[in-house]
Amino acid sequence: PLVRLGLKMTNQDGGVLASVPLHGERFAVSYRNSIYGTLAAERYAVLPDGRYRLVEIASDQLAVLEEYYAVPGALRRAAAPGRREWVVRPDPERQTVLGKLSIAATDLGERTLHVPGEPPLELWRLVEDRNPFVALNIEQGP
């Protein structure tokens, strides 16, 4: 049987806030960096065991990549317009592999989930200001 993957967003109590099907093995979370005030994105690849790995970081401002993330790799201009100005692969010495990603989905950060083939999902609109917690989980279904 074909196993379909999706992303499930839950609140701090485990209540389901939203669910989005994955049509491939990639997704991204964009946000407004609170220190630099510019847009950035973390791009993930789904692994065979249902976890996911950070594969690329993108930003409109170099300082986000050089100082905030402090990545040692070579920065390059993004190939596709409209997907942030600069991109870099994360530090290979400190790979980020997750089974669940906890996010503070605040109005200031405007965290948004991007899944190819689906409309952007504004995570910060799913929660209340007093409890902006959102957890991103891979879910498997029939």
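Of note:
- The share of alpha-carbon pairs in segment 1-82 lying farther apart than 17 Å comes to 59%.
- Listed residues Y31, V46, A74: farthest to the positive end of the dipole of segment 1-95 (Cβ charges): V46
- Relative contact order of segment 1-107, pairs being alpha-carbon contacts under 8 Å that are 6 or more residues apart, as %: 18
- Averaged over its residues, segment 1-69 has an accessible area of 51 Å² per residue, based on protein heavy atoms and a 1.4 Å probe.
- Overall shape: oblate for the chain, with the ratio a/c of the largest to smallest alpha carbon gyration tensor axis at 1.5 or above and b/c at least equal to a/b.
- Cα Rg, Dmax, segment 74-139, angstrom units: 14.6, 39
- Total charge dipole magnitude, the chain, about the Cα centre, Cβ charges on Lys, Arg, Asp, Glu only, Debye to nearest 20: 340
- Inter-probe distance in nm under a simple model that places probes 7 Å from Cα toward Cβ, at L98 and I35: 1.8
The values are calculated or read from the model by the stated rules, or taken from the named source; none is laboratory data. If you're wondering where the values come from, they're calculated on a predicted model, not measured in any experiment. Here the Cβ is made from the backbone with ideal geometry for all residues, glycine too, and neighbour counts use every protein chain on show. Just so you know, the surface numbers come from the protein's heavy atoms only, side chains and all, with ligands and any DNA or RNA stripped out. Shrake-Rupley method; radii C 1.70, N 1.55, O 1.52, S 1.80 Å.
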